[in-house]
Amino acid sequence: MLMGHLAADTEMRQTKTGKSVANFPIAINRTVKSDGEKVEVTDFHRVVAWEGLAKICEKYLIKGTGVYIDGRIMNHSFDDSDGKKHYRTEVVADNINIIKWKKAKNGDGEVQLEEVE
């Protein structure tokens, strides 16, 4: 399960067998301590959606859209034209929910994001 924002627009294509597939990266922000200071770090994950879900992604998901993704991790490897092996990790989406965010302050004055229905 991942929750973040699209880092780019959805890319749609068809496989050789005619299946629809959508690809997009999501950005997930988190706070870590570095030298005693809180620092915001962004992690990027590549998401893949197939068939009907891919078509929904193409229609509704653009850069900046908040999403909640339920899926599984897949690891792939391939050889490029020079024979060098490359590795890729993707999240294959089983379910995607669009999230709208609003900013709220907690008691410490810290800004938090809350899901809006």
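The values are calculated or read from the model by the stated rules, or taken from the named source; none is laboratory data. Since the model is a prediction, treat every value here as computed from it, not as a measurement. Here the Cβ positions follow ideal geometry from the backbone for every residue, glycine too, while neighbour counts run over all protein chains shown.
Taking interchain pairs and intrachain pairs at least six residues apart, which have beta carbon atoms under 6 angstrom, with the first residue in region 55-83 and under 17 Å from Glu11 (Cα atoms) and the second at pLDDT 95 or above and of a type in the set (S, T, N, Q)?
Cβ pairs passing all conditions: Lys55/Ser20; Cys57/Thr10; Glu58/Thr10; Leu61/Thr10.
Can you spot a residue in region 55-73 that is among the hydrophobic types (A, V, I, L, M, F, W, C) and in a helix (DSSP H, G or I)? Spell out how you get there, then give the answer.
Filtering region 55-73 for residues among the hydrophobic types (A, V, I, L, M, F, W, C) gives 56-57, 61-62, 67, 69, 73.
This time we only want the ones that are in a helix (DSSP H, G or I), so: 56-57.
Yes, region 55-73 contains at least one residue that is among the hydrophobic types (A, V, I, L, M, F, W, C) and in a helix (DSSP H, G or I).
So, of the residues in region 17-57 that are acidic (Asp, Glu) and under 19 Å from Leu2 (Cα atoms), which turns out to be modelled with the lowest pLDDT? Explain how you work it out, then say what you get.
Keep residues of region 17-57 that are acidic (Asp, Glu), which gives 35, 37, 40, 43, 51.
Within this subset, residues satisfying the condition of being under 19 Å from Leu2 (Cα atoms) are 40, 43.
Numbers: Glu40: 92, Asp43: 96.
Once the filter is applied, the top-ranked residue is Glu40.
Restricting to region 21-54, name every residue that is touching a strand residue (DSSP E or B) at 6+ places or on another chain (Cβ under 6 Å) and not hydrophobic (A, V, I, L, M, F, W, C).
If the condition is that a residue be touching a strand residue (DSSP E or B) at 6+ places or on another chain (Cβ under 6 Å) and not hydrophobic (A, V, I, L, M, F, W, C), then Asn23, Pro25, Asn29, Arg30, Thr31, Lys38, Glu40, Thr42, Asp43, His45, Arg46, Glu51 are the ones that fit.
Residues in region 4-50 that are in a strand (DSSP E or B) and more than 17 Å from Glu90 (Cβ to Cβ): how many?
Final tally of qualifying residues: 14.
Those residues that are over 16 Å from Trp50 (Cα atoms), of a type outside the set (D, E, K, R) and out of contact with any His (no Cβ under 8 Å at 6 or more places or on another chain), I need them from region 62-88; list them, please. Write out each step before concluding.
Within region 62-88, the first condition is being over 16 Å from Trp50 (Cα atoms), and the residues that meet it are 62-68, 75-88.
Subset that is of a type outside the set (D, E, K, R): 62, 64-68, 75-78, 81, 83, 86-87.
Hits for region 62-88 are Ile62, Tyr68, Asn75, His76, Ser81, Gly83, His86.
How many residues does region 50-88 hold that are crowded, with 16+ Cβ neighbours inside 10 Å and touching a Phe, Trp or Tyr at 6+ places or on another chain (Cβ under 8 Å)?
3
For residues that are in contact (Cβ under 8 Å) with a residue 12 or more places away in the chain and touching an Asp or Glu at 6+ places or on another chain (Cβ under 8 Å), scanning just region 22-44, find the one that is surrounded by the most Cβ atoms within 10 Å (Cβ to Cβ). Give the derivation first.
Here is the first cut: in region 22-44, the ones in contact (Cβ under 8 Å) with a residue 12 or more places away in the chain are 22-30, 41-44.
Now narrow it down to the ones that are touching an Asp or Glu at 6+ places or on another chain (Cβ under 8 Å): 22-24, 27-30.
Values: Ala22: 23, Asn23: 16, Phe24: 25, Ala27: 15, Ile28: 14, Asn29: 11, Arg30: 10.
That would be Phe24.
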